[in-house]
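The values are calculated or read from the model by the stated rules, or taken from the named source; none is laboratory data. None of these values were measured; they are calculated from a predicted model. No Cβ is skipped: glycine too gets one built from the backbone with ideal geometry, and neighbour counts run over all protein chains shown.
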Amino acid sequence: MANQLADYEVIGAVADDGVLPCSSARRPARLGGGGTVTVWVLGPLARAPLTSVRRRLEHVAAVRSPHLPDWLEAGAGEWAGRPVVFTSATTVVTGTLAGAQGMTMAAKLRALAAAARGAHALHEAGVLHGGICPQAICLTGPSDGQAVLAPPPLADGHQPLLQVGYPPLGFVDPHLLRGEAGRWSDIWALGATLQAATSGSPPFPDKDDVPVVQALAQLLAVPQPVPPEAPPLVAELARQCLATDPSSRPRTASEVADRLDQAAELG
Amino acid sequence: MPDKLEVLPGPGLVARFGDLAVWAGPQASPALQAHLVTEAQRLAGSPQCGDQLANSFISILQRGDPEPQAPFAVVGPGANGLTLFLHGPVQAWDSGRWLAPQPVPGWMVAPIGRPWPLIVLPYGAPPPPQSPPGNPFDLRSGTVPGAGFVMLRPAAPPTPAPSASVGPAVAGADHAQGTTTAYGGPGYVAGPTAQAPVPQAPGPAPTSPVLAPSPQATAGPQAGPVGAATGQLAPVQGGFPSQGGGPGQGGGPGQGGGPTTSPGPVPSAPPGPELPAAPPSAGNPNLVDLRSVLPAGTGPLSQAGAVTGAAADRPQVVGLRCEEGHMNHPRSATCALCGRSLSGLAQVSGPRPSLGVLLADDGSVWSLERTCLIGSEAGSSPEARSGTAQAITMLAGNNHMMAPVHCEVQVRDWGVYLVDRGAEGGTSVQAPGGPGWALLARHEQRELATGSHLSCGGRVFTYLAAWPG
């Protein structure tokens with residue numbers, strides 16, 4: 001793990017599984033100093049200068065929600081020897097749903113509900129997240145399901161459609177690959193994340209182990225996944241979110257959040 | 001050269017000082033009207049006076065809205081083109097959509113670039129009639145009665161005009177031969193040479209929120225004056241500062257009587273405390289301050305039921321349409337969208353779906369809905385600017401040259417073609433399973449099969465078809 005990213009002194013890794021590296025860091029003196037912040041590495045700075053992603057990040061940062069990070073800034077820096085784009089927030093993240101150990105089912109559902117509400121806030125402001133996956137559900141409390149939705153990928157589900165790696169291909173709506181991105185794409189990803197969180201494995205576990213082009217081809221003809229053993233409400237919600245036809249999915253992420261909270265209440 | 005500003009006749013007040021224009025409806029109190037004019041006049045010389053005036057209002061409104069039913073608008077230069085601030089029952093057309101606070105009444109602020117024309121008028125009012133060619137009316141400076149205004153591309157050549165600090169509209173000659181602005185808006189076309197394509201006309205009044213109300217927009221812990229997007233705040237007693245504005249000038253609550261909450265300071269010159277300080281990242285091109293960005297003026301994403309509506313303006317092709325209406329390649333056996341059988345169906349015309357994707361060597365994936373231009377400045381090309389092609393901006397690989405538009409991937413009917421644009425270094429293609437790279441002749445085009453690789457400027461792309469070959 002690198003110990004410096006721009007002028008952020010990295011304290012420790014929160015998540016470092018290669019999907020969306022996330023670390024706690026000291027707030028630079030330039031920004032007032034004296035506190036802990038969270039930094040995410042969004043991806044390589046290879047295609048174009050930071051200015052090309054500036055608009056995307058500003059659109060996202062303008063959306064204020066308790067279910068989204070409290071943004072500080074975005075920047076370009078070097079991480080593990082390569083130039084990257086990163087973003088930082090004052091929100092303190094303790095882990096992600098991908099690495100959560102010992103969380104109750106209810107807490108997982110509440111964390112996912114919080115993320116769904118964050119996605120809904122973005123959707124209402126015209127922003128598609130495009131990166132919802134277990135690594136993007138950032139826990140902000142000890143174990144009670146408090147969470148925010150991580151910063152989105154640099155690609156916004158339009159052009160380019162996505163940046164391979166974050167999110168993992170198994171969490172990419174096949175319709176997004178057809179150029180039909182919309183809030184239904186995030187809802188599909190919420191369903192896949194729900195299934196992964198409740199069953200322990202994603203609905204398409206082999207998608208990350210095959211060459212990218214093959215994976216894309218498979219995703220273009222994705223079969224209907226079979227929900228895992230799970231509470232009936234959860235299984236039904238996952239099935240609906242993962243419907244092949246977008247018009248059969250829940251209409252908003254807010255609706256997904258309400259149903260997750262209901263399932264969490266029922267234990 | 002300042003924009004042309006045509007005042008719409010009717011009750012209300014229009015003021016303009018420099019590039020800063022304001023409007024207030026007749027429901028606005030005299031104190032509010034006076035405050036608008038005074039502040040506009042005071043801030044007009046500042047490079048980002050639109051942001052500053054909007055921020056001063058937001059700082060007041062965050063303490064409570066003294067006049068929620070008073071419509072008013074501010075348009076002026078901001079960090080990202082023009083900044084538009086709307087309050088109460090007012091609407092604005094930015095040459096692409098109607099903007100209005102949601103809920104009404106409420107308020108909103110949005111960067112709107114540099115739209116011509118920009119129309120500001122009361123909420124629900126019909127769009128103004130077409131401006132006659134050579135319309136000479138142009139408010140250059142001052143305050144006049146008016147029910148709204150239209151801001152248009154500056155007339156050319158410039159015509160010196162007298163200015164009036166306060167007084168009737170200045171009827172500066174607007175040389176019509178330079179007025180070519182047109183738009184597909186609500187029926188208002190200015191100038192004799194209207195020729196712009198007509199976008200989807202939204203109708204005379206907004207029916208859906210452009211910036212959805214968000215409680216966090218006003219209640220969030222970081223909701224400072226600039227970060228706020230929309231809001232609806234409980235009325236408070238007091239009012240907008242009376243003419244003269246801030247505390248330094250003895251301003252304070254307006255005519256509304258004894259305040260329970262101060263309407264808050266509105267700074268007298270120079271603008272100060274509630275304006276954003278220079279961010280710590282200012283001047284560093286590698287850093288973007290995200291704490292005080294303005295919300296984008298885009299509407300909510302459509303819901304799942306509207307998925308098929310997005311295809312409405314795509315090119316027409318002949319294919320197979322499943323029972324659900326999804327368009328498919330003529331050789332498809334089952335619908336790629338819903339899986340229904342396509343056997344026995346007759347070919348019909350319909351909007352073309354994406355033909356596949358281009359996968360770039362940096363991991364970015366681009367949908368092939370229309371022709372793509374690849375180059376270091378592809379977005380600056382006329383085709384990209386007009387929307388007939390999409391830009392894939394790519395920097396050159398090490399020791400390579402990438403032309404502004406190096407090559408294109410054309411999408412025609414159900415086929416995808418690589419076309420060389422004659423740039424130095426050329427364009428190469430490798431068929432799937434082929435022996436190696438083949439350099440295209442200048443301006444040669446070649447149909448791509450799924451799995452083909454193409455290379456230009458030291459970058460590599462892979463084409464993946466979404467349909468049977």
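How many of the residues in region B:381-413 are within 14 Å of another protein chain (Cβ to nearest Cβ), out of contact with any helix residue (DSSP H, G or I) (no Cβ under 8 Å at 6 or more places or on another chain) and not in a loop (DSSP other than H, G, I, E, B)?
2
Condition check: modelled with pLDDT of 85 or more, in contact with a Pro (Cβ under 8 Å, 6 or more places away or on another chain) and surrounded by 14 or more Cβ atoms within 10 Å (Cβ to Cβ). Does B:SER364 satisfy that? Please lay out each step first, then the result.
Working: modelled with pLDDT of 85 or more: no; in contact with a Pro (Cβ under 8 Å, 6 or more places away or on another chain): yes; surrounded by 14 or more Cβ atoms within 10 Å (Cβ to Cβ): yes.
Answer is no for this residue.
Pick from A:VAL41, A:VAL92, A:VAL53, A:VAL84: which is surrounded by fewer than 24 Cβ atoms within 10 Å (Cβ to Cβ), modelled with pLDDT of 90 or more, farther than 23 Å from A:HIS175 by Cβ and touching a Leu at 6+ places or on another chain (Cβ under 8 Å)?
A:VAL41
Across region B:1-21, which residue is surrounded by the fewest Cβ atoms within 10 Å (Cβ to Cβ) among those that are in contact with a Cys (Cβ under 8 Å, 6 or more places away or on another chain) and of a type outside the set (Gly, Ala, Ser)? Let's see the steps before the verdict.
Narrowing region B:1-21 to residues in contact with a Cys (Cβ under 8 Å, 6 or more places away or on another chain): B:18-20.
Next, from what is left, pick out any that are of a type outside the set (Gly, Ala, Ser): B:19-20.
Numbers: B:ASP19: 19, B:LEU20: 25.
The residue in question is B:ASP19.
Regarding A:HIS67, is this residue in a loop (DSSP other than H, G, I, E, B) and touching a residue at least 40 places away in the same chain (Cβ under 8 Å)? Spell out the reasoning first.
Details: in a loop (DSSP other than H, G, I, E, B): yes; touching a residue at least 40 places away in the same chain (Cβ under 8 Å): yes.
Criteria met by A:HIS67.
Can you report the number of residues in region B:341-380 which are part of a loop (DSSP other than H, G, I, E, B) and more than 10 Å from every other protein chain (Cβ to nearest Cβ)? Give the steps one after another, and end with the answer.
So the first thing to find is which residues in region B:341-380 are part of a loop (DSSP other than H, G, I, E, B), and the list is B:342-346, B:352-355, B:361-363, B:368-371, B:376-377.
Right, trim to more than 10 Å from every other protein chain (Cβ to nearest Cβ) and you get B:342-346, B:352, B:371, B:377.
Summing the residues that are part of a loop (DSSP other than H, G, I, E, B) and more than 10 Å from every other protein chain (Cβ to nearest Cβ) in region B:341-380 gives 8.
Give just the number: which of (1) of a type in the set (A, V, I, L, M, F, W, C); (2) surrounded by fewer than 18 Cβ atoms within 10 Å (Cβ to Cβ); (3) under 29 Å from the mean Cα position of the chain (by Cα); (4) at pLDDT below 50 does B:ALA156 not satisfy?
Here B:ALA156 meets the rest and fails (4).
Could you grab me the full set of residues in region B:314-332 that are closer than 21 Å to B:VAL416 by Cβ and outside any strand (DSSP E or B)?
We begin by selecting, within region B:314-332, every residue closer than 21 Å to B:VAL416 by Cβ; these are B:314-320, B:326-332.
Of everything in region B:314-332, those that are closer than 21 Å to B:VAL416 by Cβ and outside any strand (DSSP E or B) turn out to be B:ARG314, B:PRO315, B:HIS326, B:HIS329, B:PRO330, B:ARG331, B:SER332.
Just for region B:420-439: of the residues that are part of a loop (DSSP other than H, G, I, E, B) and not small (Gly, Ala, Ser), which one is nearest to B:ALA403 (Cα to Cα)?
Initially, region B:420-439 is screened for residues part of a loop (DSSP other than H, G, I, E, B), giving B:421-426, B:431-437.
Next cut, not small (Gly, Ala, Ser) only: B:421, B:424, B:432, B:435, B:437.
On the way: B:ARG421: 9, B:GLU424: 7, B:PRO432: 26, B:PRO435: 27, B:TRP437: 20 Å.
Looking at residues that are part of a loop (DSSP other than H, G, I, E, B) and not small (Gly, Ala, Ser), I get B:GLU424.
Pick out the one residue from A:GLY126, A:GLY145, A:GLY157, A:GLY141 that is assigned by TED's automatic domain parsing to the domain that holds A:LEU260, within 19 Å of A:TRP40 (Cα to Cα) and assigned to a loop (DSSP other than H, G, I, E, B).
Details: A:GLY126 fails: within 19 Å of A:TRP40 (Cα to Cα); A:GLY145 fails: within 19 Å of A:TRP40 (Cα to Cα); A:GLY157 fails: within 19 Å of A:TRP40 (Cα to Cα).
After applying the criteria, what remains is A:GLY141.
Quick one: what pairs do we get from region B:440-464, first residue farther than 15 Å from B:GLN430 by Cβ and touching a residue at least 60 places away in the same chain (Cβ under 8 Å), second surrounded by fewer than 16 Cβ atoms within 10 Å (Cβ to Cβ) and hydrophobic (A, V, I, L, M, F, W, C), C-beta under 7 Å, 6+ apart or different chains?
Short answer, once both residue conditions are applied: B:GLY457/B:MET401.
Out of B:ALA431, B:ALA465, which single residue is buried (at least 17 other Cβ atoms within 10 Å of the Cβ), among the hydrophobic types (A, V, I, L, M, F, W, C) and either out of contact with any Leu (no Cβ under 6 Å at 6 or more places or on another chain) or within 30 Å of B:THR334 (Cα to Cα) (or both)? Write out each step before concluding.
Details: B:ALA431 fails: buried (at least 17 other Cβ atoms within 10 Å of the Cβ).
Going through B:ALA431, B:ALA465 in turn, the sole match is B:ALA465.
Report whether or not A:ALA119 is among the aliphatic types (A, V, I, L, M), under 17 Å from the mean Cα position of the chain (by Cα) and either under 24 Å from A:ALA263 (Cβ atoms) or in a strand (DSSP E or B) (or both). Steps first, answer last, please.
Values: among the aliphatic types (A, V, I, L, M): yes; under 17 Å from the mean Cα position of the chain (by Cα): yes; either under 24 Å from A:ALA263 (Cβ atoms) or in a strand (DSSP E or B) (or both): yes.
So A:ALA119 fits the description; yes.
Among the numbered criteria (1) more than 13 Å from chain B (Cβ to nearest Cβ); (2) within 15 Å of A:VAL148 (Cα to Cα), which one does A:VAL39 miss?
Single failed check for A:VAL39: (1).
Does A:ALA100 satisfy the condition of being in a helix (DSSP H, G or I) and in the same structural domain as A:ALA238 (by TED's automatic domain parsing)?
Details: in a helix (DSSP H, G or I): no; in the same structural domain as A:ALA238 (by TED's automatic domain parsing): yes.
In short, no.
Could you pull out every one of the strands (runs of 3 or more DSSP E) wholly within region B:1-92 that has 1 or more residues that are under 21 Å from the mean Cα position of the chain (by Cα) and at pLDDT below 90? Full working, then the answer.
Values: elements: B:4-8, B:13-17, B:20-24, B:72-78, B:81-87.
Here the list reads B:4-8, B:72-78, B:81-87.
Tell me which residues, restricted to region A:76-94, are away from every other protein chain (no Cβ under 12 Å) and outside any strand (DSSP E or B).
Start the filter on region A:76-94 by keeping residues that are away from every other protein chain (no Cβ under 12 Å), which leaves A:79-81, A:92-94.
Residues satisfying the conditions are A:ALA80, A:GLY81, A:VAL92, A:VAL93, A:THR94.
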